[in-house]
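The values are calculated or read from the model by the stated rules, or taken from the named source; none is laboratory data. Note that the coordinates shown come from a computational prediction; the quantities given were computed from them, not determined experimentally. Here the Cβ positions follow ideal geometry from the backbone for every residue, glycine too, while neighbour counts run over all protein chains shown. Side chains included, ligands, DNA and RNA excluded: accessible areas come from the protein's heavy atoms. Shrake-Rupley method; radii C 1.70, N 1.55, O 1.52, S 1.80 Å.
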Amino acid sequence: MLEIKDLHASIEDMQILKGLNLTVNPGEVHAIMGPNGSGKSTLASVLAGREDYEVTNGSISFMGEDLLEMEPDERALAGIFLAFQYPVELPGVSMSNFLKQAINAKREHLGQDPITAAEFMKLMKEKAELVHLNPDLKRRSVNEGFSGGEKKRNEIFQMALLEPQLAILDETDSGLDIDALRIVSDGVNQLRSADRGFVVITHYQRLLDYIVPDIVHVLLDGRIVRSGDKDLALQLEEKGYDWIKDDVLV
Amino acid sequence: MTTIESPHRVEDRISELYSMLDGHTLNGNSAALKNLRKKAIEAFAAQGLPTRKTEAWKYTPVEKKLSVDHTVYHENRPLPLSKEEAHAFLVPGIDAYLAVTVNGKYIAELSNIEGLPNGTVFTPIDQASGSLGDLLVSRLDTQSDSSKSPFVALNTAFLKDGLVLHVPAKVHVDKPIYVLHLFDTDAHTIVQPRMLCVAERESEVTLIEQYVSLNEASHFINVVSEWAVSQQATFKHYQIQDLNTASTAVFNQYAYQEQHSYFATHTSTLKGGLIRNNLEIVPDAEECESHLLGFLLGSGTMHVDNHTLVDHKKPNCFSNELYKNILDDQSTGVFNGKVFVHQDAQKINAYQSNKSITLTNKARMYSKPELEIYADDVRCSHGATTGQLDAEALFYLRSRGLSQKQARSILLKAFAHDVIDAIEFEPLRDYVDSRLLESL
């Protein structure tokens, strides 16, 4: 469903991605690991269409379409979902208003009628339970005054509501204690399905104990330098990134 | 008709118009009124119009908007519209006592103020009769002051069609009084609505005003409103400014508060050319509560200047000021908010906030909060921020499938929600909301 070829991307004239290749098939969970500054978050941003980044070379095809030609909202409607590393606080924007509009944007895209109030309530309740989100949060402003864990759970909650084809988790584990990590991972695992792909970006192996990946990639200096099964993550945990750096240089 | 030789200064032109009209169209029977007008024209001549060099008008070049070609509206044009057409401008769904003015003059056949409770008087000033009439005339220009403002002087000098509202003690006016001000003039015409409101002790009243241009002529609207809020009285005021883009409007509005009174004013500026709001609140007794709120939706080349003063003269008062501006296209916003706390005015809580969003690189905002505090035991704060829409917030919303337009609308609504939600009447709140959404 996702095919990235020779992707080069820069921000403010600084080259970050330098020829990245990645193919994700439906049902697969790919973990992207790498040290700080290797380009992990840049990859997430470029996939979701953040404007600050400039793609200087390469291509990204998603479900057969040229992703780079699409606006961020078009990508979302096509089925891409980015769980933010730093979810944005939106004071004055109520959760339910925001989510209703997002759901209806998707329904309109699919040629469906807007969601009814009753269906919406039911759906909110059902999906909130998935990530143990307090129903009261729905009445509050988006992410405003949420704890770090609540913000991350809110991302997975939105993912569950919007049912994307491809979910990108950008360091969803950062800043989570072990209980929150477990809740978030449980939520993600329940959303795994044969037709949904995941790209899980993380600095640490810990998350992958809970969200077990099919393939682990190591991102170094803007390129994927090694791919393997989940054991690769364990090796990285044990030996650190320098091990691969040395290996790659040799 | 006398022919006037073209003078060089606008001030001279105005004085000539005064001489021409005095004793004719500005007849009236009241010697007191005549005397007031005469003093006002003298005060006007003595002050002259503000210029770019006048500090209080630094960002607002009003002098360019008045020329020797201007005339003061004085004729009675035939009514430009039917009752039905006039009422089509009303914000739907507000149950109110309705008054319609055209070019500052109350038009009974377009209005319906029947049923005002218990001796409440709402009438053109020249029809206020007897001792109440005398009392009201004697109170004109006591909150405002012609000797301190050339625009108040200009309005007072030509005072003819003003309205007075008198709410007797302990009367609660059950529905808002809704005044629709319509403007239908030729180009270069000065129109001067005037209103005096007196809310006697323990009374309660809400006034809604809506200012609308009926044509695209370059009218110069010079409003003076005086609001006297007596002991323990509650006076709430909402206004919608919705004028044409060729117009200039100066609103001079003054509130005077007695002990334990509540006063609130809320201005939504939705459209216009150049608009200057001069708003002065004097809580002149203890335990007063004052609210000043404003929402500006700037578009095109609109220029809107909110110039406010809260003059705390006595202790134990609370004032809150909140102005929010959304500036699109090449519009300009100016905010100058002064809070003055006199030496004896201890235990004052005074808050002020002015927040603006500029949507383009050509939109401008000048914000100047001024706190002048001479008492030592007070709690005062002010905050002024101007910025653009948060790019990360926009991206977050769009990454959930919302279009650029939807995302902007959500963020702008969120930005303005507190000032719009402060409108207590749902139809009015929905109306302002809908105008915001339409503008996107």
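Please give the strands (runs of 3 or more DSSP E) falling wholly within the range B:177-244 in which 3 or more residues are open to solvent by 10 Å² or more (accessible area, probe 1.4 Å).
Filter on the range B:177-244 gives B:204-213, B:234-242.
Taking the condition in contact (Cβ under 8 Å) with a residue 40 or more places away in the chain, more than 23 Å from the chain's Cα centre (by Cα) and farther than 23 Å from residue B:252 by Cα, does residue B:132 pass?
Here the answer is no, as residue B:132 does not meet what is asked.
Touching a residue at least 60 places away in the same chain (Cβ under 8 Å) and either in a strand (DSSP E or B) or surrounded by 15 or more Cβ atoms within 10 Å (Cβ to Cβ) (or both): is that true of residue A:225 in this structure?
no
Just give me the residues in the range A:25-62 being away from chain B (no Cβ under 14 Å), open to solvent by less than 20 Å² (accessible area, probe 1.4 Å) and among the β-branched types (Val, Ile, Thr), in sequence order.
The answer is A:29, A:32, A:42, A:60.
It is to be established whether one or more residues within the range A:120-132 are closer than 20 Å to residue B:406 by Cα, more than 14 Å from chain B (Cβ to nearest Cβ) and part of a helix (DSSP H, G or I).
yes
Taking the condition among the polar types (S, T, N, Q), at pLDDT below 90 and surrounded by fewer than 16 Cβ atoms within 10 Å (Cβ to Cβ), does residue B:54 pass?
So residue B:54 fails the test.
How many residues does the range B:313-340 contain that are assigned to a strand (DSSP E or B) and in contact (Cβ under 8 Å) with a residue 60 or more places away in the chain?
Total meeting the criteria: 7.
Residues in the range A:153-188 that are under 28 Å from residue A:112 (Cα atoms), open to solvent by 20 Å² or more (accessible area, probe 1.4 Å) and outside any helix (DSSP H, G or I): how many?
Residues flagged as under 28 Å from residue A:112 (Cα atoms), open to solvent by 20 Å² or more (accessible area, probe 1.4 Å) and outside any helix (DSSP H, G or I) within the range A:153-188 amount to 2.
So is residue B:306 surrounded by 23 or more Cβ atoms within 10 Å (Cβ to Cβ), outside the structural domain of residue B:113 (by TED's automatic domain parsing) and among the polar types (S, T, N, Q) or not?
Spelling it out, residue B:306 is indeed surrounded by 23 or more Cβ atoms within 10 Å (Cβ to Cβ), outside the structural domain of residue B:113 (by TED's automatic domain parsing) and among the polar types (S, T, N, Q).
Looking at the range B:157-176 only, could you name the residues that are part of a strand (DSSP E or B) and open to solvent by 10 Å² or more (accessible area, probe 1.4 Å)?
B:166, B:172
List the number of the failed condition for residue B:397; all other conditions in (1) modelled with pLDDT under 95; (2) farther than 24 Å from residue B:292 by Cα; (3) surrounded by 14 or more Cβ atoms within 10 Å (Cβ to Cβ) hold.
(1)
When residue A:18 is evaluated against the numbered criteria (1) more than 14 Å from chain B (Cβ to nearest Cβ); (2) surrounded by fewer than 22 Cβ atoms within 10 Å (Cβ to Cβ); (3) in contact with a Leu (Cβ under 6 Å, 6 or more places away or on another chain), which criterion, by number, is the only one it fails?
Residue A:18 satisfies all of (1) more than 14 Å from chain B (Cβ to nearest Cβ); (2) surrounded by fewer than 22 Cβ atoms within 10 Å (Cβ to Cβ); (3) in contact with a Leu (Cβ under 6 Å, 6 or more places away or on another chain) except (3).
Give the residue, chosen from A:74, A:54, that is closer than 17 Å to residue B:401 by Cα and of a type outside the set (A, V, I, L, M, F, W, C).
The unique qualifying residue is A:74.
Residue A:137 fails exactly one of the following numbered conditions: (1) part of a helix (DSSP H, G or I); (2) more than 23 Å from residue B:394 (Cα to Cα); (3) not acidic (Asp, Glu). What is the number of that condition?
So the condition that residue A:137 fails would be (2).
Take the range A:63-102 and flag every residue that is more than 9 Å from every other protein chain (Cβ to nearest Cβ) and over 20 Å from residue A:155 (Cβ atoms).
Matches in the range A:63-102: A:63, A:64, A:65, A:66, A:67, A:68, A:69, A:70.
Restricting to the range A:1-58, name every residue that is assigned to a strand (DSSP E or B), among the hydroxyl-bearing types (Ser, Thr, Tyr) and within 17 Å of residue A:72 (Cα to Cα).
Hit for the range A:1-58 is A:53, nothing else.
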